[in-house]
Amino acid sequence: MMLTLYHLPISPNSRRVWIKLIDKGLEFELVEVQLSGEQFKLEFSAINPFHNIPALVDDGFNVFNVIESLAILDYLEVKYPTPVMLLKDPKDLAILRMVEMVSVNELLPAVTPLNLCQ
Ligand SMILES: N[C@@H](CCC(=O)N[C@@H](CS)C(=O)NCC(=O)O)C(=O)O
């Protein structure tokens, strides 16, 4: 069984998945997708028709492609529950989700001029 993360080291959306793979102690392969055009190639379009990174391919018995960084985090959490990283206390869970959603919806768009996603 192999997990493959399609990413770029500079991409903040990819990094949150990369960090989780490391923190979970999982074996995985990294494949860089150069956003100068590789995201539109047929091979990657089959993995993510929305042409962005990160994308995780779980090459198990049934190959499963997961896109959207927050969905990938949830997938990894449920599939690999140890160590526990999704907090169950209502306030802790709310804070975790708030940090995630504020990062994605408020902070990341504010740094778009830095071209972190290219
Ligand atoms: N909501 C998506 C956003 C993914 C995203 O926008 N990724 C950027 C890199 S940080 C990207 O691939 N941009 C290239 C493109 O959209 O063509 C997620 O959280 O995974």
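The values are calculated or read from the model by the stated rules, or taken from the named source; none is laboratory data. These numbers were taken from a predicted model, which means no experiment stands behind them. Positions of Cβ are generated from backbone atoms using ideal geometry, with glycine treated the same way; all protein chains shown enter the neighbour counts.
Looking at 74, 59, 92, can you tell me which residue is free of Cβ contacts under 8 Å to residues at least 60 places away in the same chain and more than 18 Å from the chain's Cα centre (by Cα)? So the residue among 74, 59, 92 that is free of Cβ contacts under 8 Å to residues at least 60 places away in the same chain and more than 18 Å from the chain's Cα centre (by Cα) is 92.
Scanning the range 1-44 for residues that are of a type in the set (A, V, I, L, M), loosely packed, with under 12 Cβ neighbours inside 10 Å and modelled with pLDDT under 95 yields a total of 2.
Here 102, 33, 84, 17 are screened, and the one residue that is out of contact with any helix residue (DSSP H, G or I) (no Cβ under 9 Å at 6 or more places or on another chain) and among the β-branched types (Val, Ile, Thr) is 102. For the range 19-33, the set of residues classified as out of contact with any Ser or Thr (no Cβ under 9 Å at 6 or more places or on another chain) and of a type outside the set (Val, Ile, Thr) consists of 20, 21, 23, 26, 27, 32, listed by residue number. Filtering the range 29-49 for residues that are closer than 17 Å to residue 3 by Cβ and in contact (Cβ under 8 Å) with a residue 40 or more places away in the chain leaves a non-empty set.
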